[in-house]
Each structure stands twice: as structure tokens, then as C-alpha cells.
Amino acid sequence: MQNKKTLILGATPNPSRYAYLAAERLTNKNHDIVPVGIKKGEVFGKEIEHQTDNQELTIHNDIDTITLYVGVRNQPEWYNYILETNPKRIIFNPGTENPELMQKAREKGIEVEVACTLVMLGSGQY
């Protein structure tokens, strides 16, 4: 199976959240993860990257997939970061569907999927 380096946008150290479960399952299936969000902490040995007052977020240029766990109303502040990262695809998990961001991604040649990362991993469609 090919390793698909996955940026988890909306990562959290809270084990009751779907973003945490995605990090766990991606790690268990040997996909490299890059957790990014507003929460501090770590998930599965990776520090959650977050913006600080004096430091911008690192733009990763080797990301296969961004899986979104940020609600639509909080997404606009992430648009530039997502589009500059330029992944091969973005997975819009339930509750994150955003026609505006989907259009911007498609215009850059980024594949858009409205799906659930956990279901995709469980069914071998990832």
C-alpha cells in the first residue's frame, strides 16, 4: 500500500474527536500524518502544528491529502494555507462541505472528495 502523507486540518489531542480517530487510523495504516490546528499538544508522536504570534505555519509541499476537520465558518482563514500546500486531494469530511473552497481547489487542479476519511480507511478506499 502506498503511503499517502496526510495533513489533518483541525487536529486535536482529544480522543473523542473524529480528527483524533483519523490520526490514529492513518498512523495504524502507516500513512505519515501532519497534524495542524489551533489546539496545542500532540497526536501519535507528532506535535500539532499551529500558528503563533511570531511564526507562520510551515507550508508542506509533499502532502498527498488534506483531510478537513474544520467547520465551514472557520475555513476562510485557512484558504491560503490549504491552497499553498497544494495537495493532490482534499477530503471534505461530513460537516466541512464548502462549495467556495471546493471551487478554489478545483481551479488549482486539486482533487476534491466529499467523503469520510474514517469510512474510506475502513473500506480500503483511501
Give me LYS5, LYS88 ranked fewest to most by other Cβ atoms within 10 Å of their Cβ, as a rough exposure proxy.
-> LYS88, LYS5
Burial ordering of VAL34, VAL72, fewest other beta-carbon atoms within 10 Å first = VAL72, VAL34
What are the ³J(HN,Hα) values, in whole Hz, obtained from phi via the Karplus relation 6.51 cos²θ - 1.76 cosθ + 1.60 with θ = phi - 60°, for each residue of the stretch 73-88 in sequence order, with x given for Gly and Pro?
-> 5, 9, 6, x, 5, 9, 3, 4, 4, 4, 6, 5, 5, 6, x, 5
Relative contact order of the stretch 66-126, defined on C-alpha pairs under 8 angstrom at six or more residues apart (%) | 36 percent
Ordered by residue, what ³J(HN,Hα) values in Hz, to whole numbers, does the stretch 17-25 give under the Karplus form 6.51 cos²θ - 1.76 cosθ + 1.60, where θ = phi - 60° and Gly and Pro are x?
-> 9, 4, 4, 5, 4, 5, 4, 5, 5
Could you compute the FRET efficiency for ASN30 and GLU77, with r as their C-beta to C-beta distance and R0 at 35 Å, rounded to 0.05?
-> 0.65
Which of PRO13, PRO99, PRO87 moves the most in a Gaussian network model of the chain with Cα springs under 10 Å?
-> PRO99
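Here, each number is a calculation from the coordinates, and none is a lab measurement. Note that the coordinates shown come from a computational prediction; the quantities given were computed from them, not determined experimentally. Note that we place each Cβ from the backbone using ideal geometry, even for glycine, and neighbour counts take in every protein chain shown.
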